[in-house]
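What follows is a short report on a single structure.
The values are calculated or read from the model by the stated rules, or taken from the named source; none is laboratory data. Small disclaimer: the values here were computed from a predicted structure and weren't measured. Neighbour counts are summed over all protein chains in view; Cβ atoms, including those assigned to glycine, are modelled from backbone coordinates with ideal geometry.
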Amino acid sequence: MKEKFYITTPIYYPSNKMTLGNAYTTIVCDALARFNRKQGKDVLYLTGTDEHGQKISQSASALGKSEKQFLDEMVEDTKDLWKLLDISYDKFIRTTDEYHEKAVQKIFAKLYEKGYIYKGSYKGWYCTPCESFWTESQLVNGKCPDCGREVKFQEEEAYFFKLSEFSDKLLKLYEQHPEFLQPKSRVNEMVNNFIKPGLNDLCVSRTSVKWGVPVDFDPKHTIYVWIDALPNYITALGWGSDDDSLFKKYWPADVHVIGKEIVRFHAIVWPAILMALGIELPHVVFGHGWLMFGGDKLSKSKKTNEHECIDPRILAPRYSADAIRYFLYREIPFGYDGNYSTEAFLTRFNADLSNNFGNLVSRTFSMVKKYFNSIIPESYDLTEDDLYLKDYALNEAKEVFKHMEKFDLTKATASVFNIFTEANTYIQKVQPWAVAKTGDEKRLKTILRLLLETIRIGSELFEPFAPVSSRKVLNALGLDNKTFTNLDNINGLENGKELGSLDILFPRLDINAELESLSKLG
Ligand code: MSP
């Protein structure tokens, strides 16, 4: 049986359209999903939307729409965006899906029966127009942080989850499974900031929130936020339904990829819920850093300054999804915060995609066309220069696997590009055009074959990150393999096969002209 790999994104709030920030997590997971598929694993890649709560009702009514109509439109927009970015998710869960709502009610009831949920009262600062509770520390100058209006101290009946009982078990989990929470620095944050000071029980129901899943045995309560959202990772697999075959096959998740601000919920609350239910824990929770836009985590507007256009709906058709994806993997050190700027994006586009990868492919293909009518030549004796490039490429290929094992997408893409850079250096060194002049056909064939093989290896490895351009190259090389093949040798191509034609992969950009034109958009 094939090894399985189950990967998830957070389920996003569709109260606004998805941003490049949400796209970041989805893009990251996509490379991991595709890489594991190429390793021959049976992958399930889950994403979706977190559709309950006051904010959704407010956003819908502001537009004069019902929640359902509003959400359906947002979900469509989200799915369109994922398509535009070549996201290969296998399943999309909506928390308003009936099977999810039923399973969540079942979880709530089960936790109640087992004594992990009890009835108490919730105290906080209530903003009547926003229908929202705030804690003291959330208030801005003593007023509602959302609308700036007066708040009043209020108490409401609510159910609580006994999170406080799980401190020791969680500490033991981090100790026994150091791989559970990554990167490592997040463990200290959890222990020092939350567990050591003492965990509070978690409020898991509200009577003031109408747009939510009702507690079936006490329907004036709706199930509040995390106990509705977190279980999506198991309800999507059919846990609690008549058909739980996916759950049996894919659970536990191999990795939940999330932004750092929700690590607390995934590394504390979620394992506690699962322990209480007696369900196995996910193998890894990976809390990545934030994509920053000129120092801000998120800009809801399209532009952060006059040059910035950060709407992926504009960027992807203009520069390709591959280019956006590559930039994010490569430029934002995975696991840490990193800056997005249009200028940096365009600069990398030219330097890496156009001048390095694109140029390597186009000059090699045109030499094979010029000297050998686009027929893939055979190889003869390898010289020292050839052996150096060969060993270099095969070694970097191994490095890519090692980095991916550690979820280090940034180092993995750097290793892929080391291969392309080295191949370009090799061309300058061995000067195939000069060899052509000497009439040494065997030597020329060997050089070009080695270059094609190096391009093959690089493109194979690049495919999970930049699926469209890499697949074009692989197809032009006559390959239609779905899984990684021949990454430990330079005999992956067929002698005598004709190369397919290839357009320029990444046409070089005039950066100033692009910045100028982007500044006029939106
Ligand atoms: N609905 C909850 C998650 C529930 S998961 C069981 C939620 N939704 S959200 O719409 O606010 O999405 C937050 C997630 O979007 C972050 O955890 C992160 O994955 C991603 N990002 C949103 N903005 C981001 C950046 N600027 N940078 C990186 N990721 C960001 O929280």
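Values as computed for the structure displayed
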item	result
Identity of the residue in the stretch 290-313, part of a strand (DSSP E or B) and modelled with pLDDT of 90 or more, that ends up nearest to the ligand (Cβ to nearest atom)	Leu291
Some residue of the stretch 395-411 being assigned to a helix (DSSP H, G or I) and farther than 30 Å from Ile7 by Cα	no
Helices (runs of 4 or more DSSP H) contained in the stretch 195-266 and holding at least 1 residues out of contact with any Phe, Trp or Tyr (no Cβ under 7 Å at 6 or more places or on another chain) and away from the ligand (no atom under 14 Å from the Cβ)	245-250
Arg186, sole failed condition from (1) part of a helix (DSSP H, G or I); (2) modelled with pLDDT of 95 or more; (3) surrounded by fewer than 19 Cβ atoms within 10 Å (Cβ to Cβ)	(3)
Residue within the stretch 371-385 that is surrounded by 20 or more Cβ atoms within 10 Å (Cβ to Cβ) and part of a helix (DSSP H, G or I) present	no
The one condition in (1) more than 16 Å from the ligand (Cβ to nearest atom); (2) modelled with pLDDT under 95; (3) in contact with a Phe, Trp or Tyr (Cβ under 9 Å, 6 or more places away or on another chain) that Ala323 fails to fulfil	(2)
Identity of the residue in the stretch 212-226, modelled with pLDDT of 95 or more, in contact with a strand residue (DSSP E or B) (Cβ under 8 Å, 6 or more places away or on another chain) and among the hydrophobic types (A, V, I, L, M, F, W, C), that ends up surrounded by the most Cβ atoms within 10 Å (Cβ to Cβ)	Ile223
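Every residue, every condition in (1) of a type in the set (A, V, I, L, M); (2) buried (at least 22 other Cβ atoms within 10 Å of the Cβ), yes or no:
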| position | (1), (2) |
| --- | --- |
| Tyr6 | no, yes |
| Tyr13 | no, no |
| Tyr24 | no, yes |
| Ala31 | yes, yes |
| Phe35 | no, yes |
| Asp42 | no, no |
| Tyr45 | no, yes |
| Gly48 | no, yes |
| Glu51 | no, yes |
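Residues checked against (1) within 25 Å of the chain's Cα centre (by Cα); (2) surrounded by fewer than 24 Cβ atoms within 10 Å (Cβ to Cβ); (3) over 21 Å from Tyr371 (Cα atoms); (4) modelled with pLDDT under 95:
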residue	(1), (2), (3), (4)
Lys445	no, yes, no, no
Ile455	no, no, no, no
Glu460	yes, no, yes, no
Val473	yes, no, no, no
Asn481	yes, yes, yes, yes
Asn486	no, yes, yes, no
Asn489	no, yes, yes, no
